[in-house]
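Chemist: Here it is: the structure, laid out below.
The values are calculated or read from the model by the stated rules, or taken from the named source; none is laboratory data. Source: prediction; values computed, not measured. Here the Cβ positions follow ideal geometry from the backbone for every residue, glycine too, while neighbour counts run over all protein chains shown. Surface areas here come from the heavy atoms of the whole protein model, side chains and all, with no ligands, DNA or RNA. Shrake-Rupley method; radii C 1.70, N 1.55, O 1.52, S 1.80 Å.
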Amino acid sequence: MAETKPGRKHVDSFTIHGTNIIVKVGDNVLLRPLDTTKPPYAAVVEKIEKDKRNNIEVLVRWYYRPEDSIGGRRQFHGEKELFLSDHYDVQNTYAFEGKCVVHSFKDYTKLENVTAEDYYCRFEYKAVTGAFTPESVAVYCKCEMPYNPDELMVQCEECMDWYHPKCLGMTIEEAKKLELFVCSECSSGDELKKPLATLFASPRADGKVSPKRRKIEP
């Protein structure tokens, strides 16, 4: 990023107005939207500067929500998903309302309790072109969609692939009652839902199975 301009001074932190929350470079933050019916904007603080009048300006790098991207929100996007963009902006300190935690996708899937301040990021996003990094991501199920941590999936005990209950013609309630699941490609119909001892869960980013991958188009 550009160096500090003449007449400006780098500062280590600032306190959000009306709170005792201290913000430093590298912190993930929430900013007030002009439309109060919308959720707060999320960003990471890149630089904090003070001018000769002691006014503080904050350079931020925006996170985009899926619905704000060129392709819009898709089935596999989780409610707390963010994209780290290449869009930078300068904000004054009155725009900030709090801090948040943006986890890696792997760490987010391991959280036992997700709070209002917890988000995750698995893609970087180019705001002008709509391109994503990485360009491809692991996909699961018959529908070959990336994993959405908000959705329940069941795992085949034979091939170890993961499936959405609705793609199998099951309800969520039926899936939660399964003790063992074998997909149709691995068994006869009689063995599809035989009750043995396993537990439904969801694919983790550090799983041992190597799933197929799919390019993410803008």
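Chemist: Tell me the label-point distance for the pair Asp150, Asp35, using the 7 Å Cα-to-Cβ offset, in nm and rounded to one decimal.
Modeler: 1.7 nm
Chemist: Please report how far the C-alpha centroid of the stretch 7-31 lies from that of the stretch 111-169, rounded to the nearest whole angstrom.
Modeler: Computed from Cα coordinates, the inter-centre distance equals 33 Å.
Chemist: OK, next. Can you work out the Karplus-derived ³J(HN,Hα) for every residue in the stretch 53-60? Use 6.51 cos²θ - 1.76 cosθ + 1.60 with θ = phi - 60°, whole Hz, and x for glycine or proline.
Modeler: These are the phi-based 3J(HN,Hα) values: 8, 6, 7, 9, 10, 10, 7, 10 Hz.
Chemist: Describe numerically, in nm with one decimal, the distance between label points set 7 Å from Cα along Cα→Cβ at Glu157 and at Cys186.
Modeler: 0.9 nm
Chemist: Enter the accessible area per residue of the stretch 1-87 (Å², integer; probe 1.4 Å; all protein chains in place).
Modeler: Accessible area per residue, the stretch 1-87: 59 Å².
Chemist: Quick one: pull the percent of accessible area on the stretch 19-109 belonging to carbon and sulfur, 1.4 Å probe, ligands and nucleic acids left out.
Modeler: After summing per-atom areas, the C and S share lands at 47 percent.
Chemist: Which of the residue pairs Lys99/Lys177; Lys9/Lys99; Lys38/Lys177 have a Cα-Cα distance greater than 30 Å in the structure shown?
Modeler: Checking Cα-Cα distances, Lys99/Lys177; Lys38/Lys177 exceed 30 Å.
Chemist: Listed highest first by mean packing, meaning other Cβ atoms within 10 Å per residue, what order do 139-150, 34-45 come in?
Modeler: Highest mean packing first, the order is 139-150, 34-45.
Chemist: Let me ask something else about it. Mind checking which aspartates and glutamates have their Cα closer than 20 Å to the Cα of Lys176? Skip sequence neighbours fewer than 8 apart in that chain.
Modeler: Those aspartates and glutamates meeting the cut-off are Glu112, Asp150, Glu151, Glu157, Glu158, Asp161, Asp190, Glu191.
Chemist: Report the gain in length on full extension from His17 to Val139: 0.36 nm times residue separation, minus Cα-Cα distance, nm rounded to one decimal.
Modeler: 39.6 nm
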